[in-house]
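Here's the structure, in structure tokens; my notes come after.
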């Protein structure tokens, strides 16, 4: 699976546009593309050894694009100079790490997902006396606040503890502050309505000086901190894990490693929520119900879908990429 997620609100396409006029040295490699790939691989290995950030198994096309974008922004001549600068200057590295891991986030992104979560998952979450919820790769925090709003409207917020983590310190700090550009408000409000919001979205933020700030009442049950999904230990006994639009940035081997980590984190009958472009392979229909655990009861009519490849995850709301731990 994947991992870590979303910082500034520039897309990969925008990153490409930024780099097109500043990559003469790298593009001139022509048929020596393998040389560039090898040098990028060595660069990522050096980052891991020097700083402990493991980006080595990110999807090659994605990481190459991001390294090129960082080089263009840096004003350095070539990748060799970039490697030297990163190795000798920790402050410089801290300034570029979020660009190497950048992802896009927004409030109530993919509204259909939140509608399905509200109608299908929430009734099961009501059966637990306490809820542990993990947003891994939370980026700049928009989806964390989205789930906090949903839980508040469904009367589950006070019994919830939300953990929000990301690889990037800058992303975590922005998420903790919960301050976003006011120009994004129309999109956020529209997504909220489409996602089944039951109140006026304006009750959840204050606005001033071209910014909106999420209200403190939404932060009370959220713990924000830096975490590397690839290298660090995971939590345990989570009722819900959100890992949306993170796996797509990793190669197949890393995805499998991360999925196994998330499996260990989720309790029996708990839920794994992926992004719209991410899907667990499904082996076939039919699986026993997840074992009942102390502290909650299954409402009548709940049923599992298909079993995942290891017999661990069942497709619960497949179109919205919601899966359920069934072992």
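Give the percent of DSSP beta bridges with both residues in region 132-265 that are antiparallel, rounded to the nearest 5.
Counting only bridges with both partners in region 132-265, antiparallel ones make up about 35 percent.
Calculate the FRET efficiency for residue 187 and residue 35 from the Cβ-Cβ distance with a Förster distance of 51 Å, rounded to the nearest 0.05. Efficiency at R0 = 51 Å is approximately 0.75.
Modelling each spin label as a point 7 Å along the Cα-to-Cβ direction, I'd like the residue 49/residue 232 distance in nm, to one decimal. According to this spin-label approximation, the distance is 2.5 nm.
Based only on other Cβ atoms within 10 Å, what is the fewest-to-most ordering of 143, 278, 81?
81, 278, 143
For 99, 252, 135, the sequence from fewest to most other C-beta atoms within 10 Å is 252, 99, 135. Ordered by the count of other Cβ atoms within 10 Å of each Cβ, fewest first, 168, 74 give 74, 168. Modelled label positions at residue 61 and residue 251, each set 7 Å beyond Cα in the direction of Cβ, lie 1.5 nm from each other. Once the chain from residue 119 to residue 85 is taken as fully extended at 0.36 nm per residue, the excess over their C-alpha distance is 7.2 nm.
Each reported figure results from applying straightforward, stated rules to the coordinates on display, with no laboratory input. All values reported here derive from a predicted model rather than from experimental measurement. Neighbour counts run over all protein chains shown; Cβ positions are idealised from the backbone, glycine included.
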